[in-house]
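What follows is a set of notes on a single structure, which appears directly below.
The values are calculated or read from the model by the stated rules, or taken from the named source; none is laboratory data. As the structure is a prediction and not an experimental result, all values here were calculated from the model. Note that we place each Cβ from the backbone using ideal geometry, even for glycine, and neighbour counts take in every protein chain shown. Side chains included, ligands, DNA and RNA excluded: accessible areas come from the protein's heavy atoms. Shrake-Rupley method; radii C 1.70, N 1.55, O 1.52, S 1.80 Å.
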Amino acid sequence: MKIRLTVRCSKKKRKAFKEHYIACASYLLDECKRNREVVPEIYDYKTARILKETDPKLHQLSIEISTLESLQRETIRKYQRLKYNLKED
């Protein structure tokens with residue numbers, strides 16, 4: 001499910017839509033965090049960028065997720081090196 005903010009409407013309505021989407025995304029993130037689930041991708045790149053820029057909580061969570069993904073990739077690389085007796089580059 002992808003959500004876009006490209007609806008033609010007044011600035012007031014567009015602001016209301018953004019606030020609604022931010023509230024929904026925050027709720028989804030909180031629920032996924034509480035249930036220890038992976039957050040599904042529901043926004044396209046442009047919409048996600050807009051939401052992250054307008055909500056500090058979402059921005060901080062995106063930084064945390066990015067950091068965790070990097071740590072996960074590095075851990076997998078180290079595990080594979082150990083498992084297959086590979087030398088580091």
Explain nothing, just the number: relative contact order of the chain, from Cα pairs under 8 Å at least 6 residues apart, as a whole percent. 28 percent
Straight-line reach from Lys18: which lysines have a Cα under 24 Å away, not including same-chain ones fewer than 8 places off? Lys2, Lys33, Lys46, Lys52, Lys57
What are the residues whose amide H is under 5 Å from the amide H of Asp44, where those residues sit 5 or more places off or on another chain and H is modelled from the backbone? Ile3
At each listed q (0.20 Å⁻¹), what is the log10 of I(q)/I(0) that the Debye formula gives for segment 16-89 modelled as equal alpha-carbon point scatterers? -0.86
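Quick one: with all protein chains in place, what share of the accessible area of the chain is carbon or sulfur, to the nearest percent (1.4 Å probe)? Display every interim value, and only then the final one.
Details: 4390 of 7880 Å².
So the carbon and sulfur contribution to the accessible surface is 56 percent.
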So what are the ³J(HN,Hα) numbers for segment 11-17, from phi and the Karplus equation (6.51, -1.76, 1.60; θ = phi - 60°), rounded to whole Hz, Gly and Pro as x? 4, 5, 5, 4, 5, 5, 4
Contour minus end-to-end for Arg36 and Arg77, with contour as 0.36 nm per residue of separation and end-to-end as the Cα-Cα distance? 12.4 nm
Would you calculate the separation in nanometres between label points at Ser66 and Ser26, each defined as 7 Å from the Cα along the Cα-to-beta-carbon direction? 2.1 nm
Could you give the accessible area per residue of the chain, probe 1.4 Å, as a whole number in Å²? 89 Å²
